[in-house]
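Worksheet: one structure, shown below.
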6 protein chains.
Amino acid sequence: MRLSARNQLTGTVTAIDEGVVTTTVKIELAGGQTITSSITKEAATELGIEVGKEVTAIVKASSVMLAVD
Amino acid sequence: MRLSARNQLTGTVTAIDEGVVTTTVKIELAGGQTITSSITKEAATELGIEVGKEVTAIVKASSVMLAVD
Amino acid sequence: MRLSARNQLTGTVTAIDEGVVTTTVKIELAGGQTITSSITKEAATELGIEVGKEVTAIVKASSVMLAVD
Amino acid sequence: MRLSARNQLTGTVTAIDEGVVTTTVKIELAGGQTITSSITKEAATELGIEVGKEVTAIVKASSVMLAVD
Amino acid sequence: MRLSARNQLTGTVTAIDEGVVTTTVKIELAGGQTITSSITKEAATELGIEVGKEVTAIVKASSVMLAVD
Amino acid sequence: MRLSARNQLTGTVTAIDEGVVTTTVKIELAGGQTITSSITKEAATELGIEVGKEVTAIVKASSVMLAVD
């Protein structure tokens with residue numbers, strides 16, 4: 001499957017914070033930065049999200065804001 | 001200024017694609033990955049976005065989807 | 001590849017409206033409804049988006065608003 | 001009220017998963033597909049969201065990603 | 001029609017910047033602040049968006065980020 | 001820090017609804033309107049979000065939908 005989303009960053013799950021319907025997942029990227037994702041708990045269970053698993057963080061370009069100093 | 005957005009990734013602008021009202025900006029992160037952002041042309045001008053400039057790509061956790069193989 | 005996004009709707013491209021950096025794509029779903037997607041022109045080209053092509057429209061649950069009469 | 005959002009899909013609520021502040025709602029569309037929406041619990045209560053209720057799922061075109069095989 | 005979106009801010013259109021497929025609209029709110037919206041050009045035409053028109057800017061709570069000094 | 005987001009609305013926190021991983025924050029703007037934001041509980045704690053605190057609500061133009069009567 002190929003995606004239109006311009007941002008596809010692969011990394012490893014380092015932490016999971018499970019809510020009642022939402023789960024927050026932290027992913028360490030190859031470059032050492034951390035990405036945080038909020039997905040439904042249903043999706044986290046379905047995808048077998050667990051610490052140590054390799055995942056890809058996917059973000060549409062239109063969801064990325066820029067900042068400058 | 002501190003932001004609630006969990007994802008704040010610093011990098012350097014490597015390419016700019018300017019539309020009539022939207023500008024797409026490519027940013028190379030420290031780890032070598034590329035992030036693409038779509039912002040208004042007005043914002044790109046206001047922030048002085050140009051190739052070589054250091055910027056921070058900001059993404060809410062709720063905008064980050066996950067994929068697994 | 002399996003995605004965390006809860007909404008994955010398959011259909012056929014029926015119209016494409018190409019901007020300078022953004023392309024709008026209309027997709028007819030199996031049930032006859034139409035979905036409109038805005039993606040970067042780069043992505044539309046890369047994915048070979050053309051009228052008649054089968055695609056999947058992907059939306060995070062957190063991007064779906066509800067209305068009632 | 002008319003909305004700028006290009007995606008307005010009508011269906012019936014089939015399931016509700018209530019969190020502490022977020023509620024996830026599943027909607028069956030006319031064509032048989034299912035759409036999942038995450039809204040605030042406050043909104044779900046205010047709109048009287050319950051199984052069997054007819055609702056419209058609303059999504060901006062810019063929130064719709066595409067995938068091809 | 002009642003919406004789940006928690007943010008519904010009424011104001012008057014003060015400026016329109018029309019791209020090839022995307023239109024950016026500036027709205028002055030009752031309190032004097034300005035809100036900017038990017039919608040498809042198709043939607044702007046369909047809704048008859050023009051300077052002086054009263055509109056409501058609608059934003060999901062999950063799209064609102066916070067900043068503190 | 002300057003942001004590309006076109007919508008930066010300052011106000012005062014009037015209510016906080018804390019979930020397990022998500023926190024909903026209500027902000028009263030200068031003009032008297034209320035903005036609701038959903039952020040991660042982690043972010044709310046990190047930013048010291050509490051009733052009476054001055055914050056800025058930040059929204060990308062592409063997340064703002066329009067409605068007309």
| task | Return the inverse of the average 1/r over all pairs of distinct C-alpha atoms in the protein assembly as shown, which is the Kirkwood hydrodynamic radius, in Å to one decimal. | result | 21.0 Å
| task | Pick out, in residue order, every one of the trypsin sites (Lys or Arg not before Pro) in chain A that is DSSP loop and has at most 12 other C-beta atoms within 10 Å; say none if there are none. | result | none
| field | DSSP-assigned coil residues among GluC sites (Glu not before Pro) in chain C, each with at most 13 further Cβ atoms within 10 Å | value | C:GLU50
| message | Please compute the volume of the convex hull spanned by the alpha-carbon atoms of chain E and report it per residue in Å³. | response | 122 Å³
| message | Sequence gap at least 6, Cα distance under 8 Å: using those rules, report the relative contact order of chain E to the nearest whole percent. | response | 39 percent
| Radius 12 Å from Cβ of C:GLU54, net charge of other residues (Lys, Arg +1; Asp, Glu -1) | -2
| message | So if I place +1 on the C-beta of Lys and Arg and -1 on the C-beta of Asp and Glu, and nothing else carries charge, what would the dipole magnitude of the protein assembly as shown be about its Cα centre? I want it in debye, nearest 20. | response | 0 debye
| said: For a Förster distance of 51 Å, can you work out the FRET efficiency between the beta-carbons of F:ASP17 and B:THR12, rounded to the nearest 0.05? | reply: 0.80
| In nm, spacing of pseudo-spin labels at D:LYS53 and E:THR45 (7 Å Cα→C-beta vector) | 3.6 nm
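No value in this document is a laboratory result; all are computed from the given coordinates. Remember, it's a predicted structure, so these values are computed and weren't measured experimentally. Ideal geometry is used to build each Cβ from the backbone, glycine not excepted, and the neighbour counts take in all protein chains shown.
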